[in-house]
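Novice: After the structure tokens below, expect a handful of questions from me.
The values are calculated or read from the model by the stated rules, or taken from the named source; none is laboratory data. What you see is a predicted model, and the numbers here were worked out from it, not measured in a lab. Here the Cβ is made from the backbone with ideal geometry for all residues, glycine too, and neighbour counts use every protein chain on show. Please note that ligands, DNA and RNA were not included when accessible areas were found on the heavy atoms of the full protein model with its side chains. Shrake-Rupley method; radii C 1.70, N 1.55, O 1.52, S 1.80 Å.
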Amino acid sequence: MSDYPQILGVYSLSQEAEIGTGGTQGKHQNVTYWYARQLSPAEFEVQPLNAHHVPSGVRSVLGEINFLRQYTPEPHYYRIHTVPALNTLSRKVKMGNEAFASGDLDEAERQFLKALMIDEKHVDANYGLGEVYSEQKDFDKLKKVLETLLGLDEAFTYEHRQKFNQFGISLRKNGHYDESIRYYNKSLEIVEDDENVYFNLARVYYEKGMSDLCVRSLEQALSLNPEFVEAQKFLKYCQKSAQAQA
């Protein structure tokens with residue numbers, strides 16, 4: 001198993017910016033703080049810290065030379081500010097998940113909202129809050145969370161696969177079919193070769209009575225993984241049902 005990615009901590013980036021105009025024009029050093037990870041021997045990832053000292057926002061990948069030239073390690077900042085903030089964030093998400101698992105949806109909502117006050121783009125907290133609203137059938141709030149998730153490409157990566165699958169299943173089981181279709185199609189824009197997504201999408205189409213799209217999605221799943229037993233069985237069932245109705 002690869003040792004990457006590795007968390008490097010917080011690094012600063014100092015950039016010179018011009019301020020003022022005319023005779024009052026001058027130069028100012030603008031310092032920003034970034035969360036850094038090493039993805040491979042030659043690739044480094046940086047993500048800006050928000051006002052609460054946690055990584056949030058767009059990630060950028062740099063080569064080794066550019067990273068080492070531009071970024072300066074800030075171990076004191078990382079230890080004093082970022083580590084405690086990340087621990088608090090992680091604790092609130094954990095408490096939200098535990099409350100959800102025990103059926104206390106109100107407490108789960110409170111904890112996930114507290115987490116999102118620290119990082120409004122936190123993937124797991126948004127997934128957790130979305131599951132709460134899906135279970136509560138609170139469509140307006142669910143729609144807002146779904147829009148947030150659809151804007152976060154990171155939410156559909158392998159790193160968040162478990163939460164991704166849970167949320168998709170929750171949308172379907174609670175009858176949010178159109179939202180579920182949007183959700184799975186967004187995933188396929190980012191990860192095109194996941195047979196499980198096509199299979200789950202087929203289940204949504206089946207629930208909506210869209211047989212042709214259901215079969216097409218199952219065929220896509222089997223083209224990626226011909227040994228996908230559940231997809232084989234589902235496809236045979238759909239074909240038999242179509243023959244019986246003919």
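Novice: For residues that are assigned to a strand (DSSP E or B) and either surrounded by fewer than 19 Cβ atoms within 10 Å (Cβ to Cβ) or among the acidic types (Asp, Glu) (or both), tally how many sit in the range 34-57. Show your work before the answer.
Specialist: As a first pass, look at the range 34-57 and keep what is assigned to a strand (DSSP E or B): 34-40, 43-49, 55.
Next cut, either surrounded by fewer than 19 Cβ atoms within 10 Å (Cβ to Cβ) or among the acidic types (Asp, Glu) (or both) only: 37-40, 43, 45, 47-48.
Final tally of qualifying residues: 8.
Novice: Another question, then. Return the residues of the range 64-90 that are among the charged types (D, E, K, R) and open to solvent by 90 Å² or more (accessible area, probe 1.4 Å); say none if nothing qualifies.
Specialist: Of everything in the range 64-90, those that are among the charged types (D, E, K, R) and open to solvent by 90 Å² or more (accessible area, probe 1.4 Å) turn out to be Arg69, Arg79.
Novice: Right, next: With respect to Thr88, is the statement that it is under 23 Å from Gln111 (Cβ atoms), touching a strand residue (DSSP E or B) at 6+ places or on another chain (Cβ under 8 Å) and in a helix (DSSP H, G or I) true?
Specialist: Against the criterion (under 23 Å from Gln111 (Cβ atoms), touching a strand residue (DSSP E or B) at 6+ places or on another chain (Cβ under 8 Å) and in a helix (DSSP H, G or I)), Thr88 does not qualify.
Novice: Would you mention how many residues in the range 139-185 are closer than 20 Å to Asn97 by Cα, charged (D, E, K, R) and within 11 Å of the chain's Cα centre (by Cα)?
Specialist: 4
Novice: Looking for something part of a loop (DSSP other than H, G, I, E, B) and modelled with pLDDT of 95 or more - is there at least one such residue anywhere in the range 58-68?
Specialist: Here is the first cut: in the range 58-68, the ones part of a loop (DSSP other than H, G, I, E, B) are 58-59.
Going one step further and asking which of them are modelled with pLDDT of 95 or more, we end up with none.
No: zero hits.
Novice: Check off (1) touching a Leu at 6+ places or on another chain (Cβ under 9 Å); (2) in a helix (DSSP H, G or I); (3) surrounded by 15 or more Cβ atoms within 10 Å (Cβ to Cβ) for Lys121 and give me the number that stays unchecked.
Specialist: Status for Lys121: all satisfied but (2).
Novice: May I pose another question? Step by step: first the residues of the range 124-165, then only those that are of a type in the set (S, T, N, Q), farther than 18 Å from Ser56 by Cβ and open to solvent by 10 Å² or more (accessible area, probe 1.4 Å), then the one that is modelled with the highest pLDDT. Which residue is that?
Specialist: My answer is Gln136.
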